[in-house]
Amino acid sequence: MFPISEWYILPAAFLLDLLLGDPAYIPHPVCWMGSLITWAEDRFRKLKIPTVLAGGFFALAMVLTVWLAATLVMTVATLVHVDLARVMEIVMIWLAISTRSLKQAALAVSDALRMGGLEAARKKVGMIVGRDTSELDERGVLKAAVETVAENLVDGVISPLFFAAIGGAPLAMAYKMINTLDSMVGYRNEKYILFGKVSARLDDVANFIPARLSVVCVALANLGLEKRWKEIFSSAWRDGRNHLSPNAGFPESSFAEALRVTMGGPSIYFGKVVEKPYICEAYKENPYVPSTVEAACRLMVWAAAVSLVGSMTLAHLMNMLT
């Protein structure tokens, strides 16, 4: 274990992400993880065991490999010089979070709608969501962008910081592999319903606590924008379970209440209509406009900052315990 040893590690990583995002000139660990998943999948599928078990061994092997690799990096860096270890820790945690890239991807949708029209916006939102975007109207495009901002506050910010606070950069990287597995093989289609089952459940377990902490982060962030924290908690309690995912409903209901919009409803995945429960249905008649995406991004950044403070506190407590 490499618990966070210095108070500045997490804020330095967070600020690097806000300032630089995911620069193309730095090889991103997620790309390596994706390549490893693609290489290993066929090999584990050939095991002469039930598909669910093969997928389970595959998921565990991928996560363990990444954790061991990150631990090795930290061990070697520590042996060279303690300052090098701190730099490597900051860099790995920076690359595990994605506040800036999430904001840029969402704003690209609203900008495309303003400047290029609906078809351009459909293409942009199709790059960040798994649903079919070819038939989405303007409201559907903007709603998909806002839902992505809400969900990925957990996947891209709160969870990586949470696991970094508990187990340093290696655990943050291991979480990133869990999340990448879910995005690549955690589908409920014919190909992955069995093989990707453990990957999807691992992601559910890993995000269980951070997803619920997101309600607190959004409520506290909203205090500086509009004092409706009681309504946010109430909506999360009421609608947090109104989602096919056991976790996604909590950040979505928090954002929906804060922005006074409705999320959920029917969507098309792999050519099939998936009926999702509505979240904050009372706001169903309220419009989605490009400024709704911008407001969601502002709220996301403030909520991310709140999660940073919470993670720094958690890291301090972990250091006291060790």
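Scanning the stretch 129-151 for residues being in a loop (DSSP other than H, G, I, E, B) and either of a type in the set (D, E, K, R) or at pLDDT 90 or above (or both) gives a total of 4.
Look at (1) at pLDDT 95 or above; (2) over 26 Å from Glu257 (Cβ atoms); (3) surrounded by fewer than 18 Cβ atoms within 10 Å (Cβ to Cβ) and you find that Gln104 fails only one, number (2). Taken over the stretch 157-200, the criterion of being under 17 Å from Leu68 (Cα atoms), among the small types (Gly, Ala, Ser) and out of contact with any Phe, Trp or Tyr (no Cβ under 8 Å at 6 or more places or on another chain) is satisfied by Ala164 alone.
Restricting the stretch 157-207 to residues that are modelled with pLDDT under 95 and of a type in the set (Ser, Thr, Tyr), the residue that is nearest to the chain's Cα centre (by Cα) is Ser183. Would you mind stating whether Val261 is assigned to a loop (DSSP other than H, G, I, E, B) and at pLDDT 95 or above? In short, yes. Annotation for the stretch 229-249: no member residue is under 20 Å from Ser311 (Cα atoms), small (Gly, Ala, Ser), in a helix (DSSP H, G or I) and without any contact (Cβ under 8 Å) to a residue 60 or more places away in the chain. Residue count for the stretch 282-322 satisfying the condition of being of a type in the set (Gly, Ala, Ser) and more than 17 Å from Glu257 (Cβ to Cβ): 7.
Taking the stretch 1-97 and the helices (runs of 4 or more DSSP H) fully enclosed by it, the elements with 1 or more residues that are over 22 Å from Ser159 (Cα atoms) and either in contact with a Lys or Arg (Cβ under 6 Å, 6 or more places away or on another chain) or modelled with pLDDT of 95 or more (or both) are at 29-45, 51-80, 82-96.
Somewhere in the stretch 173-185, is a residue more than 15 Å from Val63 (Cα to Cα), in contact with a Ser or Thr (Cβ under 7 Å, 6 or more places away or on another chain) and in a helix (DSSP H, G or I)? No, there is no match, as no residue in the stretch 173-185 is more than 15 Å from Val63 (Cα to Cα), in contact with a Ser or Thr (Cβ under 7 Å, 6 or more places away or on another chain) and in a helix (DSSP H, G or I). Taking every residue in the stretch 17-36 that is exposed (fewer than 11 other Cβ atoms within 10 Å of the Cβ) and pairing it with any residue that is part of a helix (DSSP H, G or I), at least 6 positions away or on another chain, the pairs with Cβ-Cβ distances below 8 Å are Leu19/Arg100. The single condition from (1) of a type in the set (S, T, N, Q); (2) under 28 Å from Leu161 (Cα atoms); (3) assigned to a loop (DSSP other than H, G, I, E, B) that Gln104 fails is (3). Pairs linking a residue in the stretch 46-67 that is free of Cβ contacts under 8 Å to residues at least 12 places away in the same chain to a residue that is β-branched (Val, Ile, Thr) and part of a helix (DSSP H, G or I), with Cβ atoms under 9 Å and 6 or more positions apart or on different chains, are Leu53/Val198. Within the span defined as the stretch 289-306, every residue fails to be in a loop (DSSP other than H, G, I, E, B) and within 30 Å of Ala12 (Cα to Cα).
Of the residues in the stretch 140-156, none is under 16 Å from Phe58 (Cβ atoms), within 11 Å of the chain's Cα centre (by Cα) and not β-branched (Val, Ile, Thr). Filter the stretch 87-96 down to the residues that are crowded, with 19+ Cβ neighbours inside 10 Å and of a type outside the set (Asp, Glu), then identify the one that is farthest from Pro160 (Cα to Cα). Of everything passing the filter in the stretch 87-96, Met88 is farthest from Pro160 (Cα to Cα).
When Glu151, Glu138, Glu147 are checked against the criterion of being of a type in the set (Asp, Glu) and farther than 24 Å from Phe14 by Cβ, a single residue qualifies: Glu138.
The values are calculated or read from the model by the stated rules, or taken from the named source; none is laboratory data. Predicted model only: the values in this text are computed from it and were never measured. Don't worry about glycine lacking a Cβ; one is built from the backbone with ideal geometry, like all the others, and counts go over all protein chains shown.
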